[in-house]
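Quick notes on the structure that follows.
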């Protein structure tokens, strides 16, 4: 009886996590639409938006983690800001006649998410043991990305970083999925982690497609 209750509770947490993830992705979609409708303002205030988004990820989500209601608000607020920042990317690609690359990157992201989730749930391998390695990979990507933005401006390096990013965030999906399934994350924490993974995986696929398409 106790085991049945535990299983039901675990399934409830998993369901809530993916419902919150789906809703947060919808909010991101709204953010993209609103941003594209007001692209002049987004371009004008892009840096403040990115700074606020960064502060929410680093401090806001951690501060609100144990505060029910506030943590859900912070999830949706982050999702909205991520949509506003993505609107600039969408505007650039659509304006250059490369909207097909957006569709391709979206399909690749969703397909990868589905396959990786299936693998994480059905494999006997413990991806949760890779946390330290994945953290190092994230730090390398961040440092490499900043160096390329401010110093190198090298498309090939950006392509290599994006390719490495696909690997890192794919493994993070495996890592986070197993934590979600085993009930190690709260629904909000799981949704935030997976949203970040999908957000970055989409951008990395987009960078790869852009490079292969011969775009600067």
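Read the figures in this text as sums done on the coordinates, not as results from a lab. Since we're looking at a predicted model, the values are computed, not measured. We place every Cβ from the backbone using ideal geometry, glycine too, and count neighbours over all the protein chains shown.
Observations on the structure shown:
- Separation between Cα centres of segment 11-71 and segment 84-100, rounded to whole Å: 19
- Here 26, 74 are placed in order of increasing Cβ neighbour count within 10 Å, fewest first, which gives 26, 74.
- One decimal place: the segment residue 16-residue 98 gains 26.0 nm when fully extended, by the rule 0.36 nm per residue minus the C-alpha distance.
- 222 nm mean residue ellipticity, helices alone, for the chain (DSSP H n ≥ 4; -39,500 (n - 2.57); rounded to 500): -27500 deg cm²/dmol
- When each of the peptides 148-157, 75-84 is scored by how many other beta carbons lie within 10 Å of its residues on average, the order from highest to lowest is 75-84, 148-157.
- Relative contact order (%) - the chain, alpha-carbon pairs under 8 angstrom, separation at least six: 30
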